[in-house]
Amino acid sequence: MPSIEQCKSIITKVWGKTPEAFFILHGKPGCGKSTSIRQITEDLGIPPERGMFVHINNHEVVDFTGVPSVEDGFTQFNPTKMFWDFREGTGPGVIVLEELAQATTHHQTWAAGFVEERETPQFRLDPQVRVIATANRVEDKSGAKQLLGHLNDRGWHLDAEDSLDDWCSWAMDNGVDPLGIAFLRLRPGLLNDFDPNRRSNPTQRSWTKLFLSAPDNLTDAEYLYLAEGKVGEGAAAEWVAARGMMRDMPSIDAVRLHPETTEVPEDMAVRYAIATALSMTAEVDSFERDMLYIDRMPREYQMVYVTDVVRLLPKLLQNKTFISWAIANKDIFMGSE
């Protein structure tokens, strides 16, 4: 089963050759399906305003086919603006049919015709407009059901699997708190622990919203209650406890000033936090000093730092210290590529 990052790569490459290919991206709620499509749109050089996310269950089918009226004794279908903006001659775009598996039979029947013919009763889509659907899984009890057979047959199906590495890479590029990234590295099973019987669940979407939206002026008790409301009681309790310990880690400035003498904490959560914080703040000139400290940690934390820092600073791949480390640790580093 492909990761979200692999799904993105496949879709981007196929759409580069065949814009009319219709994909259905399956995955558990909150696993990053919609976010990945926004990234695909960006990677294809399509402006954000040319990407349209349509929650099809919020519309009547007439919104898609056009509102009928009678003119000169004939029925005319007057197109709504949502698809009119993607008509032939308007250029590249992406139409996302959200939560397709939760749609009614009537909506699915419309979708099957639309993705096959790529037209409404009044106009055709531009040849450079891509169409994709997202779908939750039936077993997650989110209202999803089996898609109609002929609709299934018209799509390219991709089942997205959880990927901690993919989420961490995205989070590092999008301002997520390094302590949050470090915690999920410590507890990867909580990245997408969705249970339809719980009201709140730890999912990629829930964690991301918690890390990005929680204000800094909450008391510890208020923060715990807020976290419980977003990721559930058990996950929130673990995160808040780890967060408290991580806050006591040595300062990054102290590590870089005295990399050979600054304490290396024993707690796993704090080690992950230091390795992540160092990598996210690294510069080419700081790498040598960072490695003096990182080399004093167990290899699993070295791996966290090195993998992140070379992704963020690719020029370090030519650095002598990195090359020496990679050779000495080729059994784990080369095996991860």
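The values are calculated or read from the model by the stated rules, or taken from the named source; none is laboratory data. No experiment lies behind these values; they were computed from the predicted model shown. Backbone-built Cβ (ideal geometry, glycine too); neighbour counts: all protein chains shown.
Kindly indicate whether LEU184 is aliphatic (A, V, I, L, M), free of Cβ contacts under 8 Å to residues at least 24 places away in the same chain and in the same structural domain as LEU278 (by TED's automatic domain parsing). Yes; evaluated as a whole, the condition is true for this residue.
Just to be sure, is PRO121 assigned by TED's automatic domain parsing to the domain that holds THR12, loosely packed, with under 14 Cβ neighbours inside 10 Å, touching a Gly at 6+ places or on another chain (Cβ under 9 Å) and assigned to a loop (DSSP other than H, G, I, E, B)?
Details: assigned by TED's automatic domain parsing to the domain that holds THR12: yes; loosely packed, with under 14 Cβ neighbours inside 10 Å: yes; touching a Gly at 6+ places or on another chain (Cβ under 9 Å): yes; assigned to a loop (DSSP other than H, G, I, E, B): yes.
For PRO121, the condition - assigned by TED's automatic domain parsing to the domain that holds THR12, loosely packed, with under 14 Cβ neighbours inside 10 Å, touching a Gly at 6+ places or on another chain (Cβ under 9 Å) and assigned to a loop (DSSP other than H, G, I, E, B) - is met.
Among the residues of the stretch 25-41, is any over 30 Å from VAL231 (Cα atoms), out of contact with any Lys or Arg (no Cβ under 7 Å at 6 or more places or on another chain) and assigned by TED's automatic domain parsing to the domain that holds GLU119? So that I can check it myself, show each step before the final result.
In the first step, residues of the stretch 25-41 are kept if they are over 30 Å from VAL231 (Cα atoms); the result is none.
Taking every residue of the stretch 25-41 in turn, none turns out to be over 30 Å from VAL231 (Cα atoms), out of contact with any Lys or Arg (no Cβ under 7 Å at 6 or more places or on another chain) and assigned by TED's automatic domain parsing to the domain that holds GLU119.
Tallying residues that are at negative phi and surrounded by fewer than 21 Cβ atoms within 10 Å (Cβ to Cβ) within the stretch 167-182 yields 7. The set of residues in the stretch 57-111 that are in contact with a Lys or Arg (Cβ under 8 Å, 6 or more places away or on another chain) and among the aliphatic types (A, V, I, L, M) comprises VAL94, ILE95, ALA101.
Pairs meeting the criteria (first residue in the stretch 187-199 and without any contact (Cβ under 8 Å) to a residue 60 or more places away in the chain and within 13 Å of GLU238 (Cα to Cα), second residue part of a loop (DSSP other than H, G, I, E, B) and not β-branched (Val, Ile, Thr), beta carbons under 7 Å, at least 6 apart or on different chains) are LEU190/PRO202; LEU191/ASP162. Every condition in (1) touching a Ser or Thr at 6+ places or on another chain (Cβ under 9 Å); (2) buried (at least 20 other Cβ atoms within 10 Å of the Cβ); (3) not in a helix (DSSP H, G or I) is met by ARG185 except one, and the failing one is (3). Here ASP153 meets each of (1) under 22 Å from PHE53 (Cβ atoms); (2) modelled with pLDDT of 95 or more; (3) out of contact with any Leu (no Cβ under 7 Å at 6 or more places or on another chain) with one exception, condition (1).
Filter the stretch 17-44 for residues that are modelled with pLDDT of 95 or more and of a type in the set (Gly, Ala, Ser) and give the result. The one that is modelled with pLDDT of 95 or more and of a type in the set (Gly, Ala, Ser): ALA21.
PRO79 meets all of the listed conditions (1) surrounded by 14 or more Cβ atoms within 10 Å (Cβ to Cβ); (2) at pLDDT 90 or above but one, namely (2).
Checking the conditions here, which among ARG299, ARG289, ARG271 is closer than 25 Å to GLY244 by Cα, assigned by TED's automatic domain parsing to the domain that holds ARG185 and surrounded by fewer than 20 Cβ atoms within 10 Å (Cβ to Cβ)?
On the way: ARG289 fails: closer than 25 Å to GLY244 by Cα; ARG271 fails: surrounded by fewer than 20 Cβ atoms within 10 Å (Cβ to Cβ).
After ruling out the rest, the residue left standing is ARG299.
Going through (1) under 29 Å from PRO68 (Cβ atoms); (2) in contact with a helix residue (DSSP H, G or I) (Cβ under 7 Å, 6 or more places away or on another chain) one by one, ALA171 falls short only on (1).
The numbered conditions (1) in contact (Cβ under 8 Å) with a residue 40 or more places away in the chain; (2) more than 30 Å from ARG198 (Cα to Cα) are all true for LYS145 except (2).
Can you name the residue in the stretch 16-40 that is assigned to a strand (DSSP E or B) and of a type in the set (A, V, I, L, M) and, of all such residues, is nearest to ALA160 (Cα to Cα)? Let's see the steps before the verdict.
Here is the first cut: in the stretch 16-40, the ones assigned to a strand (DSSP E or B) are 23-26.
In the following step, the residues that additionally are of a type in the set (A, V, I, L, M) were identified as 24-25.
Numbers: ILE24: 10, LEU25: 7 Å.
In this case the residue turns out to be LEU25.
Scan the stretch 55-68 and tell me whether some residue there is more than 18 Å from HIS107 (Cα to Cα) and either in contact (Cβ under 8 Å) with a residue 24 or more places away in the chain or assigned by TED's automatic domain parsing to the domain that holds LEU147 (or both). Scanning the stretch 55-68, I find no residue that is more than 18 Å from HIS107 (Cα to Cα) and either in contact (Cβ under 8 Å) with a residue 24 or more places away in the chain or assigned by TED's automatic domain parsing to the domain that holds LEU147 (or both), so the answer is no. In the set ALA112, ALA133, ALA171, only one residue is at pLDDT 95 or above and in a helix (DSSP H, G or I); that residue is ALA112. Yes or no: TYR305 closer than 22 Å to TRP167 by Cα, at pLDDT 95 or above and part of a helix (DSSP H, G or I)? Judged against the criteria, TYR305 is a match.
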